[in-house]
Amino acid sequence: MWLIMTALAGVIATAIWYVKAPEDKYKLGLLSLFFWGATLMWLVDHVMAYVTEGGEFLEINLDATLLGVAVIVFALFVWEIVLVVNDPKGALRKALRG
Amino acid sequence: MACFLVPMGEAIVTTVVQKVVENKEKKVGGERTKKVGLSWSQRLSWLNKLLWGGTALLALEHVWHGEVVPWPPFLTAMENPADVGPMLREMATIGVAMAITVTAIWGIMILVAELKAKAAMPKVKESLVRGGV
């Protein structure tokens, strides 16, 4: 389930990045690549597990859904830290100056 | 178990390479005019973002499943000698496959971006000529 949710987050982040492109003031390109990197890795993991061990390709249960939510929240959290540190709008700098 | 350590290892190497390339480009930048398309530091930054993003989110998944813990030896598979072999096998198969897939997709992204940049170049030259520049 977390694979599908991360892929969906990647699709949405990429669409929003494209609307604003080529400008990338808020580093949506970074967020998109974060989601796509994880999606690719989990896709490989799921395919290899399915080929070698069989069973269900996707885990669809509450735990897997909560993990999907946690993954998206964590990615957004990392992105926001990068955004605040870089402060492209200068908001933090202005706030600190008072 | 610890498959994400392979892409993480690659990410560490490519991050160092990107920093070195970036410094070289800055030095050369003043002497030469910028060529069309992406610079190598830009290309490598895409790969680093894919690898670090994937590594971070997979690390969270491993914490969630209790395969990674915040105390030594950090990987629960390391606590039992019988689990070390399967862990290394998983890293050699799934981990390497992850790193190869991400790098291959990145290669395709770069190829497409370069082809697009080259295709756009004659149009830019044409508009410059028409503009009388």
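Some notes on this structure:
- For segment B:40-60, filtering for residues that are free of Cβ contacts under 8 Å to residues at least 12 places away in the same chain and either aromatic (Phe, Trp, Tyr) or at the interface with chain A (Cβ under 7 Å from one of its Cβ atoms) (or both) leaves 5.
- Of residues in segment A:70-85 being β-branched (Val, Ile, Thr) and away from chain B (no Cβ under 11 Å), the one surrounded by the fewest Cβ atoms within 10 Å (Cβ to Cβ): A:VAL85
- Exactly one residue out of A:VAL73, A:VAL47, A:VAL11, A:VAL82 is over 20 Å from the mean Cα position of the chain (by Cα) and in a helix (DSSP H, G or I): that is A:VAL47.
- Boolean, B:ILE12 is β-branched (Val, Ile, Thr) and crowded, with 21+ Cβ neighbours inside 10 Å: no
- Check on A:GLY55, part of a helix (DSSP H, G or I) and either more than 25 Å from B:ILE108 (Cβ to Cβ) or at pLDDT 95 or above (or both): no
- Within segment A:37-58, the only residue that satisfies the criterion of being facing another protein chain (nearest Cβ under 10 Å), surrounded by fewer than 21 Cβ atoms within 10 Å (Cβ to Cβ) and among the small types (Gly, Ala, Ser) is A:ALA49.
The values are calculated or read from the model by the stated rules, or taken from the named source; none is laboratory data. Computed from a predicted model, the values in this text were never measured in an experiment. Ideal geometry is used to build each Cβ from the backbone, glycine not excepted, and the neighbour counts take in all protein chains shown.
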